[in-house]
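The values are calculated or read from the model by the stated rules, or taken from the named source; none is laboratory data. Just so we're clear, the structure is a prediction, and the values are computed from it rather than from any experiment. Quick reminder, even Gly has a Cβ in these numbers, built from the backbone with ideal geometry, and neighbours come from all protein chains shown.
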Amino acid sequence: MKTSDFYYDLPPELIAQTPAKERSASRLLVYDRGTRTISDEVFTDIVRHLRPGDVLVRNTTRVIPARIFGHRPETGGTMEFLLLKRLDAHHWECLVRPGRRAKPGLTYTISDELSATICEPTDAGGRVIRLDYDGVFEEILDRVGEMPLPPYITERLAERERYQTVYARENGSAAAPTAGLHFTEALLDALRAKGVLIADVLLHVGLGTFRPVSAETVEEHHMHSEYFEVTERSAAAINAARAAGGRIVAVGTTSCRTLESVADDAGIVHAKSGWTDIFITPGYRFKAVDALITNFHLPESTLLMLVSALCSREEILSVYEHAVRERYRFFSFGDAMFLQ
């Protein structure tokens, strides 16, 4: 498959620059894969579409303020670091900008408490860096770091928590699992009251999720691995729901990839933790996930390829054409779609 097969035209003004005033007030495009019909709704209508006995699987990762800026006092040179993967207490894999200046051995001052030294390049075009600090690293990062908003968002984020889900718990992501941003505690309570079960998984969003596909063909692209966890409790709840006839509804592509990484060919989800580089493209047979809540994704992205596997490339591109015509808001702070 050609990467260009997953291209679509998007007017720039449809890229959402700020979150909706109310989380659950976003629009919701519902696509029925059986009838191939589209309905235009609001996100709170998700309660009507989920059934008693369904299990909603959400990713409880929490975004860290992973973007930090350093300078070299002797030259005045600056460097931007995006922390992606913690390798040990002091070493991180990260993206750097401008990359041409990020030479091994150079040290950049982040603050009075923190400095970064370039160690070596990575296969993905980033760098391994050593962070030296005095005190508790997480507290320092909270003081000096910024939320790692995607480059297509140029507006400054007024509240950090709007780039977190209301159920975010475990620090570790370099980007939010954005499909979950639409949920409020009241909406989750309404789903529970209807008899929808909620199960938690973890996937720390890193380079694998948002790295652009630069290869000419899909098959040439290599996914970067990301850390995940599925507990015994969540696996048992998911398997019990499926055995009783409920649907497994993934909140976002990160939850979807986690479930598909731990499910066997019979669709049984197993408790496990580790690293996944699963790359889901058209032709993939889903083992665990029956339905997906997701945002609208960038052209030619691995995430667009994943949703095209759940339906088909032609169907998804047709749905996206509808979304553009109807002026939906796209990407991280945009509207949502429900593929059922």
Looking at (1) surrounded by 14 or more Cβ atoms within 10 Å (Cβ to Cβ); (2) assigned by TED's automatic domain parsing to the domain that holds ARG27; (3) without any contact (Cβ under 8 Å) to a residue 60 or more places away in the chain, which is the only condition ALA190 fails?
(3)
If you check THR18 against the conditions, is it part of a loop (DSSP other than H, G, I, E, B) and free of Cβ contacts under 8 Å to residues at least 12 places away in the same chain?
no
Complete set of residues in the range 261-273 that are loosely packed, with under 12 Cβ neighbours inside 10 Å and either farther than 15 Å from ASN239 by Cβ or touching a helix residue (DSSP H, G or I) at 6+ places or on another chain (Cβ under 6 Å) (or both)
SER273
When you go through ARG27, ARG62, ARG86, ARG100 one by one, which is the residue that is modelled with pLDDT under 95 and surrounded by 14 or more Cβ atoms within 10 Å (Cβ to Cβ)?
ARG86
Pull up the range 218-244, narrow it to residues that are in contact with a helix residue (DSSP H, G or I) (Cβ under 9 Å, 6 or more places away or on another chain) and among the small types (Gly, Ala, Ser), then point me to the one that is farthest from VAL289 (Cα to Cα).
SER225
Which one of these is under 30 Å from LYS21 (Cα atoms), out of contact with any helix residue (DSSP H, G or I) (no Cβ under 9 Å at 6 or more places or on another chain) and in contact (Cβ under 8 Å) with a residue 40 or more places away in the chain: ARG58, ARG51, ARG67?
ARG67
Flag for ILE278 being surrounded by fewer than 20 Cβ atoms within 10 Å (Cβ to Cβ) and over 19 Å from the mean Cα position of the chain (by Cα):
no
For MET1, work out the one condition from (1) surrounded by fewer than 21 Cβ atoms within 10 Å (Cβ to Cβ); (2) within 22 Å of the chain's Cα centre (by Cα); (3) of a type outside the set (Phe, Trp, Tyr) it doesn't fulfil.
(2)
Restricting to strands (runs of 3 or more DSSP E) lying wholly in the range 26-125: which have 1 or more residues that are closer than 30 Å to SER312 by Cα and of a type in the set (Ser, Thr, Tyr)?
27-32, 37-42, 61-63
For the range 235-260, the count of residues that are under 20 Å from ALA309 (Cα atoms) and surrounded by fewer than 20 Cβ atoms within 10 Å (Cβ to Cβ) equals 1
Which members of the range 112-143 meet the condition of being aliphatic (A, V, I, L, M) and either surrounded by 17 or more Cβ atoms within 10 Å (Cβ to Cβ) or in contact (Cβ under 8 Å) with a residue 12 or more places away in the chain (or both)?
LEU114, ALA116, ILE118, ALA124, VAL128, ILE129, LEU131, ILE140, LEU141
